[in-house]
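Okay, structure first, notes after.
The values are calculated or read from the model by the stated rules, or taken from the named source; none is laboratory data. As the structure is a prediction and not an experimental result, all values here were calculated from the model. Virtual Cβ from ideal backbone geometry, glycine too; neighbours counted across all protein chains shown.
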Amino acid sequence: MNQTAIQYAIRAGIGLNSQIASFTKWDRKNYFYPDLPKGYQTSQFDLPICGPGFLEIDTKNGDGILAKKKIRIIRAHLEEDAGKSLHDEVSGKADTRIDLNRAGTPLLEIVSEPDLSSAEEAKTYLMEMRLLMMYLGITDGNMQEGSLRADANVNLHFDRDGEVAATPIVEIKNLNSFRAVERAIQYESQRQYDLFLADGKKIGEAPKQTRGWDDDLGVTTVQREKEDSADYRYFPCPDLVPVTIGQSDIDAQHASASITPNSARSKLETELALRASDAEVLVQQGRGVVEYFLKLVEGGASPKRASAWMLQDVLRTINDSGIEIESFPIGSTALSTLLQAVDLNKIDTARAREIYSKLLTDPALDLVKMIESMGIVAVDTNELMELCRVLLQENPDVIAKVRGGNEKAIASLIGQAKKKNKNADPRQVQELCLKMIAEGT
């Protein structure tokens, strides 16, 4: 029995706000399919490892306003994966090959209530689910390699002659991209509506179907009629003992589930006052990036400055280098120290970026000495005032623009000030120039 799979399932349950079973067992699910050579699948029937829970997503309400929506989780259970059928229908031979490399590997199946009301919502739900599972360290999220895939159960509910009509349920199997999920549901919804207009059959009046998605043609195709649970002839697995889960087993997984996408969003936006758009960029980069950012702030960097450098410098560096944040050469302590020096006006942003570039090449360089050698030397107030007078005399057009209500025009003087005195503080230059214009001095 794979102990890690059980630990991951518990961790997933914590992330999904689910009830974790204290006792769970294994069952045999019996059916014949070419990619299941044993003729049965080891799964969980009536006592899954994870019970009811929920996942919260952002979706547009009836007024088109973005709002939180809870998608209820029925259960999450462990089972063994089946093989993969490879259908060659393009060449006209209609050959099928079976890849059994993944057969028997642990699989966690998460089943939701029918709370999703559109293809767009389904896509959003799956994207959030993938992100959550990656934060929990359960999957790498690579859908192309089969690390994550989805089955979509689709039917329509609509008013018909004063009554709610529901079409027969169709399960679309093994969708391996978010785009495929969205397109398949959109197509299947229209197909069911057209079929209902033609035959009028409602749920229960036609058998459930399993259909496949042809991504090239953009259509679903019949694979088989869907079995009910009785058809699988579930019975307890005679070869595997049940599993008992204690509170200590659950507590052991809480540390790995301490940061989730939603908890990260809340902390970044509420506690650290980041803009929602900036927070979302950081969250989407993964747990490692969020943790690195939080270490910058814990080290003393201001959240606003840390966010700006993460978005403009750190993410660009790791993306251009093709590395993960764990391989980023500059430690959070060093970068936090550098950002604090900028916050305290010990060094300006341009020179800080020079130091940043040097640290990327050689992280062992003495950061404190570099800050001291490249830092800003305090400029005498009288010297700064004289500098501003010269700038204003040389730029009468800027004075006119500012007096006309365009204070942003003063920014054009900052570069000139740095050329005349590299130690001039841009903020002080801007404030003093505006004051001198207002006073007419």
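Structure values in brief
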read-out	value
Boolean, residue 230 is out of contact with any Gly (no Cβ under 7 Å at 6 or more places or on another chain), modelled with pLDDT under 95 and not aromatic (Phe, Trp, Tyr)	yes
Condition broken by residue 101, with the remaining ones in (1) assigned to a loop (DSSP other than H, G, I, E, B); (2) over 23 Å from residue 30 (Cα atoms); (3) polar (S, T, N, Q); (4) touching a residue at least 12 places away in the same chain (Cβ under 8 Å) satisfied	(2)
From 273, 341, residue being among the small types (Gly, Ala, Ser) and outside any loop (DSSP other than H, G, I, E, B)	341
Flag for residue 297 being outside the structural domain of residue 9 (by TED's automatic domain parsing), in contact with a Leu (Cβ under 8 Å, 6 or more places away or on another chain) and surrounded by 15 or more Cβ atoms within 10 Å (Cβ to Cβ)	yes
Residue that is farthest from residue 247 (Cα to Cα) [pool: residues in the stretch 47-72 that are in contact (Cβ under 8 Å) with a residue 24 or more places away in the chain and acidic (Asp, Glu)]	58
Only listed residue being in contact (Cβ under 8 Å) with a residue 40 or more places away in the chain, surrounded by 16 or more Cβ atoms within 10 Å (Cβ to Cβ), hydrophobic (A, V, I, L, M, F, W, C) and under 26 Å from residue 129 (Cα atoms), chosen from 325, 318	325
Some residue of the stretch 257-272 being surrounded by 16 or more Cβ atoms within 10 Å (Cβ to Cβ), touching a Pro at 6+ places or on another chain (Cβ under 6 Å) and assigned by TED's automatic domain parsing to the domain that holds residue 297	yes
Check on residue 346, basic (Lys, Arg), in the same structural domain as residue 312 (by TED's automatic domain parsing) and either without any contact (Cβ under 8 Å) to a residue 24 or more places away in the chain or not in a helix (DSSP H, G or I) (or both)	yes
Test set (1) surrounded by fewer than 18 Cβ atoms within 10 Å (Cβ to Cβ); (2) under 47 Å from the mean Cα position of the chain (by Cα); (3) in a helix (DSSP H, G or I); (4) without any contact (Cβ under 8 Å) to a residue 24 or more places away in the chain - residue 397 fails condition number	(2)
Residue 14 vs. criteria buried (at least 18 other Cβ atoms within 10 Å of the Cβ) and under 20 Å from residue 261 (Cα atoms)	yes
Sole exception among (1) surrounded by 20 or more Cβ atoms within 10 Å (Cβ to Cβ); (2) assigned to a strand (DSSP E or B); (3) modelled with pLDDT under 95 for residue 82, by number	(2)
The stretch 1-43: number of residues that are part of a loop (DSSP other than H, G, I, E, B), in contact with a Cys (Cβ under 8 Å, 6 or more places away or on another chain) and farther than 16 Å from residue 246 by Cα	2
Residue check, residue 170 surrounded by 15 or more Cβ atoms within 10 Å (Cβ to Cβ), assigned by TED's automatic domain parsing to the domain that holds residue 118 and under 20 Å from residue 128 (Cβ atoms)	no
Unique match (being surrounded by 15 or more Cβ atoms within 10 Å (Cβ to Cβ), modelled with pLDDT of 95 or more and assigned to a helix (DSSP H, G or I)) among 384, 335	335
Scan of the stretch 161-186 for residues that are of a type in the set (Gly, Ala, Ser), assigned to a helix (DSSP H, G or I) and farther than 11 Å from residue 211 by Cβ, ordered by number	180
